[in-house]
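Asker: The structure's right below; bear with me while I get my questions together.
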Ligand SMILES: Nc1ncnc2c1ncn2[C@@H]1O[C@H](COP(=O)(O)OP(=O)(O)O)[C@@H](O)[C@H]1O
Ligand SMILES: [Mg+2]
């Protein structure tokens, strides 16, 4: 049985330092919800408040309509997966996975069935009798996942579960986690600082910075329509350029670009967030920003160019690799045009996305 | 690698150390074995037969077993909860308590025995107080009870320090994982924490077991009719009437065999149950509320009071006025004056002998640690095992072995200062070797290889690169060795002469003679030296603990 989770005006302090000032968040039933943010922004802290390992200095947390602030971790019916797996080193795989059920005094027969089933699902059936020290990192993580899920928790909480694995295994495991979560439909809060991982697994992502939620959205929206400059720069790569606006025209380094929407009239100095793929590059002067190739990186599908603009700023441009033509050599003069309809325009403090509202 | 070099100076260190162990440890123990089967000069097992024929003798085995097992169990039952409480619950003054625990462990056990006699003995102050005011008689402190109380309180810190160390390696995520699945409180302790620290508990228990088995002073003072094996060995070997060297040797051989088997069994169990743990986030010390908090505080405070009480009381009595042998009303420094005039030379002896032994210990420990860690081979394995032997061989047995082996030319050492230094060095070397090995395991070999690749020779590399990195570990082991040399009694009581009498021996003999004032003054001075040593050590290293 899955639950909705509601965080209402959450306040967290360690001593006198406020780590989370006032956070509200609604997580839907069965959702794979990710907390994403730079290290130290309070993701773990928030997760552990939901788990019951951190005190709550203010606000309320609800599972469905039940206030859980004062329940002990054991009473919340949660499954928890830790960064370092936290497999009990003195128990074999079966005993580790059975641990939660044994505590609930489930009959032995039932435990056996449930554990065997889950071991099969996470594909570690064959290691049932092994001791944890004889398992690889990935296998240990599967044990941890099985142990958390077998108790049929209302909520699955995972704190950077993949950060101790190598790159290849990380991709395998995140697919496994996503698959299992979908199969069971458990409401899941997943913590990571790896944006690609977050994009890959999440239904929705909350971007956090300094204990404050910057944006909650589906991955596509987070990437394409970031609420503010922090989100734009944290998710994916982007070039930030200062520009002036007047009506439908953006003025950059003296070049003018027309723009489909009308921005609020009080804004004249703005910041543009232009993704590398939102530039069009050409070595013929068809207008646009003038620049010089510094170097290029060929990555198969795409080619990355690093270009110095006339004002000295360096930008990154991505182009779909072409067949039969050589890459632009360093020092080549190029002209850049901009996909003005898709770029994001922020006020000069970077706090508000001006291009979101359309005609304000 | 360095090993392939033709001229490896460490080869000579290995041979040299093995020869030293062969001559000064194996040869004496073998002499003992030979002596045990040569009663009256001809081959036979009558010494062993004599032991089993008479209850007066074999009864000591039963007593020793009783003492050893009871002490081990009580120590574990007391120390584990204290370590758990101090590592998980916020206790007021806990850093002071930790230092007091350390202090309570570094005095000679028999001083505890004699302090408890002063307090609870037939004419002890507490006994008299209860008798005179309430006409209640307090429990008898002599015999088994007394030995049990004294040794448990004395040895508890060993297990405490072991377990504390282990608890710090338990990652809090394990605890949280278990709590999130509804396993809390005592259940958590039994199912998760207990099994994880079991290997450490066993290691600590083994140490306690060996100490309790070997302790001589405590049963001698407080045991009265309750005779244990070390007492038997001592009296058989030393006393004018019962003197029977072969018999004492036979008993010694049996004890060593027994201790060795216990040691091996423990090693086997511990090996099977050892888990590799690395703690990212150690368990947190939390503030408890309500009755749990009160009980935790009470438990720790009562324990530490009992543990430190003997030393405090001894220090107190050292300032009492005496008249002849008895304490009278009023305070004075009489006892100190008496101590300096009567046995002042023992203070000088202690420093000369202990410092000499310590110098040998430090040099050997560094060299042996280096070859066992950096040059693993069959030979260094043998060396490793040899260095463990003194853990198993009780002091009184080592004393007899040395006397048996070195009582005639060319190695006539009995009654010399050398034999005293030798026994100190052999018995207390393992502490420093252990800590030196531990730190060397943490020093990356890469820096040595870098130095060699840059053209530094082996010796230079060792002196300039390895040794400086090892020093903190060597130092903490050396402090332990030093403190335990100061309180060594069971071997030195057999080996000393008037010219080589140490403070600990002087205290013991003064207690036996009933000169409690002098004994108190001397042991206060000893406590003072201990405290100063620890303070210097803490200051030098910036630590607050002495890991064992
Ligand atoms: N037990 C603690 N005591 C004091 N400060 C803490 C504690 N745990 C975390 N913090 C602080 O709270 C902030 C958020 O930490 P955390 O939630 O671990 O961040 P994240 O998981 O996002 O990297 C950090 O600044 C961290 O230093
Ligand atoms: Mg974190």
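Each reported figure results from applying straightforward, stated rules to the coordinates on display, with no laboratory input. Small disclaimer: the values here were computed from a predicted structure and weren't measured. Because the Cβ atoms are built from the backbone with ideal geometry, glycine has one as well, and the counts that use them run over all protein chains shown.
Asker: Run the numbers on segment A:1-94 and let me know its relative contact order in percent, using alpha-carbon pairs under 8 Å that are six or more apart. Intermediate values should be presented prior to the final figure.
Answerer: On the way: 116 pairs, mean separation 27.6, N = 94.
About 29 percent, as a whole number.
Asker: Using the alpha carbons of segment A:1-67, what is the convex hull volume per residue in cubic angstrom, as a whole number? Don't skip to the answer; put the middle values down first.
Answerer: Working: hull volume 5.8 nm³, N = 67.
Residue-normalised Cα hull volume stands at 87 Å³.
Asker: Need one number: convex hull volume per residue for segment A:5-229, Cα atoms only, in Å³. Kindly include the intermediate steps, with their values, before the conclusion.
Answerer: Values: hull volume 28.4 nm³, N = 225.
Cα convex hull per residue, to the nearest whole number: 126 Å³.
Asker: If you don't mind, there's one more thing I want to ask. Would you mind computing Rg(Cα) / (2.2 N^0.38 Å) for segment B:307-442, counting N as its residues?
Answerer: On the way: Rg = 20.8 Å, N = 136, 2.2 N^0.38 = 14.2 Å.
Compactness ratio reported: 1.46.
Asker: For residue B:378, project a label point 7 Å along Cα to C-beta. Then give me every residue of segment B:18-62 with its amide nitrogen under 19 Å of that point.
Answerer: The answer is B:18-19, B:22.
Asker: Turning to a different aspect of this structure: Principal axes first, then extents: for the Cα atoms of segment A:263-317, list largest minus smallest coordinate on each axis, whole Å, largest first.
Answerer: Principal-axis extents of the Cα atoms in segment A:263-317, largest first: 44, 22, 21 Å.
Asker: Please give, to one decimal in nm, the separation of the simple spin-label points placed at residue B:544 and residue B:459, each 7 Å out from Cα toward the Cβ.
Answerer: That separation, rounded to one decimal, is 4.4 nm.
Asker: Suppose only helical runs count, i.e. DSSP H with n ≥ 4. What mean residue ellipticity at 222 nm does that imply for the protein assembly as shown under -39500 (n - 2.57) per run, divided by all residues and rounded to the nearest 500 deg cm²/dmol? Mind showing how you got there, number by number?
Answerer: Numbers: 33 runs with 481 residues, N = 908.
Rounded to the nearest 500, the figure is -17000 deg cm²/dmol.
Asker: Which angle from 0 to 90°, rounded to the nearest 10, does the C-alpha axis of helix A:108-121 make with the longest principal axis of chain A?
Answerer: 20
Asker: A follow-up question, please. Can you list the equivalent-ellipsoid semi-axes of chain B, largest first and in whole Å, using the square root of 5 times each Cα gyration tensor eigenvalue? Show your work: numbers first, answer last.
Answerer: Working: eigenvalues 257, 224, 118 Å².
So the three semi-axes of chain B are 36, 33, 24 Å.
Asker: Okay, moving on. Taking R0 as 35 Å, what FRET efficiency do you get between residue B:136 and residue B:286 from their Cβ-Cβ distance, rounded to the nearest 0.05?
Answerer: On the way: r = 41 Å, r/R0 = 1.18.
Efficiency computed from Cβ-Cβ geometry: 0.25.
Asker: Additional query: Sorting check: for B:432-441, B:461-470, which peptide has the highest mean count of neighbouring beta carbons within 10 Å, and how do the rest follow?
Answerer: Details: B:432-441: 21.4, B:461-470: 16.2.
Result, highest mean first: B:432-441, B:461-470.
Asker: Could I ask something else about it? If you stretched the chain out fully between residue B:294 and residue B:73, how much longer would it get, using 0.36 nm times the residue separation minus the C-alpha to C-alpha distance?
Answerer: On the way: separation 221, 0.36 × 221 = 79.56 nm, distance 2.56 nm.
So the chain would gain 77.0 nm between residue B:294 and residue B:73.
Asker: OK, next. Efficiency by 1/(1 + (r/R0)^6): what FRET value for residue B:168 and residue A:320, r their Cβ-Cβ distance, R0 = 60 Å, to the nearest 0.05? Display every interim value, and only then the final one.
Answerer: Details: r = 55 Å, r/R0 = 0.92.
In this case the efficiency is close to 0.60.
Asker: Between residue A:14 and residue A:262, what's the calculated FRET efficiency when r is the beta-carbon distance and R0 is 41 Å? Round to 0.05.
Answerer: Details: r = 46 Å, r/R0 = 1.13.
Calculated transfer efficiency: 0.30.
Asker: Ordered by packing density, taken as the mean number of other Cβ atoms within 10 Å over each peptide's residues, highest first, how do B:491-503, A:53-65, A:217-229, A:323-335 rank? Can you show the working numbers first?
Answerer: Details: B:491-503: 21.2, A:53-65: 15.8, A:217-229: 18.2, A:323-335: 11.8.
Final packing ranking: B:491-503, A:217-229, A:53-65, A:323-335.
Asker: Right, something else. Normalising by the residue count of chain A, find the relative contact order in percent from Cα pairs under 8 Å and 6+ residues apart. Please report the intermediate quantities before stating the final value.
Answerer: Details: 744 pairs, mean separation 57.8, N = 360.
That works out to 16 percent.
Asker: If the chain between residue B:388 and residue B:323 were fully stretched, how many nm would it gain, using 0.36 nm times the residue separation less the Cα-Cα distance? Each step should come with its number before you reach the end.
Answerer: Details: separation 65, 0.36 × 65 = 23.40 nm, distance 4.78 nm.
Gain on extension, residue B:388 to residue B:323, equals 18.6 nm.
Asker: Also, I was wondering about something else. Distance from a point 7 Å along Cα→Cβ of residue A:95 to each backbone N in segment B:178-211: keep the residues under 16 Å and list them by number.
Answerer: Counting only backbone N, you get B:178, B:187-200.
Asker: Per residue, what volume in Å³ does the Cα convex hull of segment A:237-347 take up?
Answerer: 98
Asker: Here's something else I'd like to know. To the nearest 10 degrees, how steep is helix A:167-184 against the longest Cα principal axis of chain A, on a 0 to 90 scale?
Answerer: So the inclination is approximately 60 degrees.
Asker: Now for a separate question. Any idea what the relative contact order of segment B:78-170 is, in percent, if you count C-alpha pairs under 8 Å spaced at least 6 apart?
Answerer: On the way: 65 pairs, mean separation 40.1, N = 93.
Dividing the mean separation by the residue count of segment B:78-170 yields 43 percent.
Asker: Still on this structure, I have one more. Per-residue Cβ counts within 10 Å, from other chains only, averaged over A:82-88: what number is that? If you can, show how the numbers build up before the last one.
Answerer: Values: counts 9, 3, 7, 4, 10, 3, 8.
Partner-chain Cβ atoms within 10 Å, mean over residues of A:82-88: 6.
Asker: Need one number: nm distance between label points at residue A:71 and residue B:145, each 7 Å from Cα along Cα→Cβ, rounded to one decimal.
Answerer: 5.3
Asker: Can you pull the one-decimal nm distance between simple spin-label points at residue A:117 and residue A:306, each 7 Å off the Cα toward Cβ?
Answerer: 5.5
Asker: Could you rank the peptides B:192-199, A:237-244 by their average count of other C-beta atoms within 10 Å per residue, with the highest value first?
Answerer: On the way: B:192-199: 19.2, A:237-244: 17.1.
Averaged packing, sorted descending, gives the order B:192-199, A:237-244.
Asker: For chain A, find the longest principal axis of its Cα atoms and tell me its angle to the long axis of helix A:137-149, 0 to 90°, nearest 10.
Answerer: Roughly 70 degrees, rounded to the nearest 10.
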